[in-house]
Structures are given as structure tokens and as C-alpha cells.
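The values are calculated or read from the model by the stated rules, or taken from the named source; none is laboratory data. Note that the structure is a prediction, hence the values are computed from the model and not measured. FYI the Cβ positions are ideal-geometry reconstructions off the backbone, even for glycines, and counts take in every protein chain you see.
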Amino acid sequence: MGRQKETGATKLIPVDFIHDPENMMRDEDQDTEDLRELGNSMKDHGQINPVSVRWKNERYILLAGHRRLRAALLVGMERLECKVFECDDEGAMFIRWDENEKRLQNNIAEEARFIAEMLATVQCTQTELSKKLGKSSAYVSQRLSLLEGPPDILEAVRQRVISFDVARELLLFPTKELASIYLKYAVDGGASAKIVRRWREDANVQMTMVQEAEAESPAGEQVPWNPARKIMYCECCRNSYALSELVYLRLCYECEGKIKANPEVRHA
């Protein structure tokens with residue numbers, strides 16, 4: 001881990017002297033009124049926790065405390081209490097991680113970008129970085145996979161329109177085009193990860209059937225398949241419908257089993 005140490009006690013630093021780091025990872029959708037309330041609280045009752053900064057290139061670079069800095073600027077505070085760290089770029093990344101880990105975990109998309117930034121700065125393997133962060137290799141690789149998939153899936157996670165578990169299932173579709181198509185179905189229908197997994201398994205079967213049919217057809221002839229017109233059957237009437245014509249119910253496994261096994265329950 002990079003060199004890092006605090007230079008001493010906290011000190012008051014003019015807010016205009018504190019600058020955001022490059023590639024600042026923040027959720028843009030912060031509520032202005034919430035920030036104003038925080039700023040007025042700091043202004044009237046004092047700052048409970050200092051922000052963390054480092055001295056680099058003749059200026060202070062923010063490490064942790066972005067909301068407090070924005071709130072202070074919003075209500076016209078002149079100075080903030082700051083912990084000043086002496087550290088290199090690698091050490092700065094780990095300070096930012098330590099101070100923001102809980103917040104980052106509340107926004108997986110932002111956490112994924114931050115881990116990617118750390119990987120580039122620290123210049124180590126994913127396995128080595130996961131050990132330094134105290135996380136499993138799967139934890140790191142799953143988040144980085146978000147950045148390798150379709151941008152609309154990453155954005156849906158950032159906006160909390162879909163869960164990370166749903167996103168992981170979408171990223172396992174055989175093509176990015178299919179993943180984006182099924183993302184719309186997942187958003188419109190509020191599908192769970194379990195439902196999306198079924199879609200993926202069914203899509204894999206259909207794609208395999210098309211590939212086998214193409215292999216048996218005359219050279220150069222393609223078998224038509226429109227993945228956007230995905231067909232599934234209704235669990236009650238057993239008729240086939242396009243996904244856009246189906247709605248989704250949240251059921252426990254026991255009730256789902258009853259519906260599938262008992263025709264009377266299906267039509268109740």
C-alpha cells in the first residue's frame with residue numbers, strides 16, 4: 001500500500017483552497033435542499049467530522065468529505081476543518097476508499113468506477129487489489145464486469161432502476177444486444193434476478209436452436225429470429241405471449257410450486 005500519514009492536528013482551510021481530485025466519483029443526483037440543511041447545521045452548530053485532504057502541487061486535494069464541501073460552499077462558509085494527509089497517489093486512493101467504502105456500496109455503479117480507477121492507479125492485478133481491499137476476487141471482478149457491459153445497464157444500476165443481481169444476470173446474456181433488449185423488459189416489468197435468469201436460459205436455448213438450424217440449412221441461408229419478440233408462457237392459462245404482454249407477480253417458492261402443480265389454483 002502507498003505511503004500515507006497525517007501531518008498533524010486538524011486545521012482550518014479556506015473552502016476555496018480545497019479542490020476535487022481528478023475523476024471524482026460522485027453520484028450527481030444529490031439533493032440541493034439536503035445539502036443546504038447540512039451546510040446550515042455545520043454553520044450553526046459546528047462541523048462534527050473534519051474532511052480529509054492531501055497537499056499536492058501547491059494546493060489541497062479533497063480525499064473524503066465531498067458532501068460537506070459542497071454544503072459549505074452552498075451556504076457561504078469560509079473555512080472547513082480538515083485532516084491533512086501526506087501521501088502518494090496510491091495512498092490517496094486507499095484513504096478515499098477507507099473513508100467512502102460504506103457510501104460507495106450504496107451505489108454499485110460508482111463503486112465499480114472507483115475500483116477501476118484504483119486498479120489503474122495502484123497498477124496491480126485484480127487478485128492483488130481484492131486482497132488490499134479485504135474483498136474476494138469475485139467481489140472485485142463482478143463490479144468491474146459492469147463497466148465492460150452495455151452502458152445502459154451500468155446507467156440503470158447507477159439510477160437504482162435495477163438491482164445489482166439483475167444486472168449480473170443481464171451481463172451473462174450471450175450478446176450485448178440481447179442484454180440491452182432484456183434490460184427494457186426487466187425495467188418495464190420490475191423483473192427479479194430469478195426471472196431474468198430464466199429469460200437468459202431460454203434465450204441461450206433459442207440461440208442454440210437457431211445455430212443448429214443454420215448449420216443444417218443451405219450455405220449462406222440464415223434462420224430468422226427476432227430476439228425482441230421474446231415469447232414465454234403464462235403460468236396460469238399456459239398460453240404463449242410476448243414478454244411485453246406479461247406481468248410479474250412476486251411469489252415465494254412454495255406458492256409458485258402450488259400454482260404450477262395445481263390447475264385449480266391457476267384459474268382461481
Problem set entry | Candidate set: region 96-109, residues that are surrounded by fewer than 19 Cβ atoms within 10 Å (Cβ to Cβ) and either of a type in the set (D, E, K, R) or in contact with a Ser or Thr (Cβ under 6 Å, 6 or more places away or on another chain) (or both); chosen: the one modelled with the highest pLDDT | D98
Exercise. Using beta carbons and a limit of 8 Å, which pairs, at least six apart or on different chains, have the first residue in region 31-52 and free of Cβ contacts under 8 Å to residues at least 60 places away in the same chain and closer than 8 Å to A71 by Cβ and the second one surrounded by 13 or more Cβ atoms within 10 Å (Cβ to Cβ) and among the β-branched types (V, I, T)?
Worked result: R36/V75; G39/V75; M42/V75
Problem set entry | Residue count, region 74-104 (criterion: touching a helix residue (DSSP H, G or I) at 6+ places or on another chain (Cβ under 6 Å) and under 30 Å from Q159 (Cα atoms)) | 6
Problem set entry | Those residues of region 105-144 which are farther than 19 Å from E155 by Cα, free of Cβ contacts under 8 Å to residues at least 40 places away in the same chain, part of a helix (DSSP H, G or I) and hydrophobic (A, V, I, L, M, F, W, C), in sequence order | M118, L119, A120, L129, L133, A138
For this session: Just need a number here: residues in region 55-99 that are free of Cβ contacts under 8 Å to residues at least 60 places away in the same chain and part of a helix (DSSP H, G or I).
Result: 12
For this session: Sort through R168, R198 and tell me the only one that's surrounded by 12 or more Cβ atoms within 10 Å (Cβ to Cβ), at pLDDT below 90 and assigned to a helix (DSSP H, G or I).
Result: R198
Problem set entry | Candidates D20, D27, filtered to the one that is charged (D, E, K, R), modelled with pLDDT under 90 and surrounded by 14 or more Cβ atoms within 10 Å (Cβ to Cβ) | D27
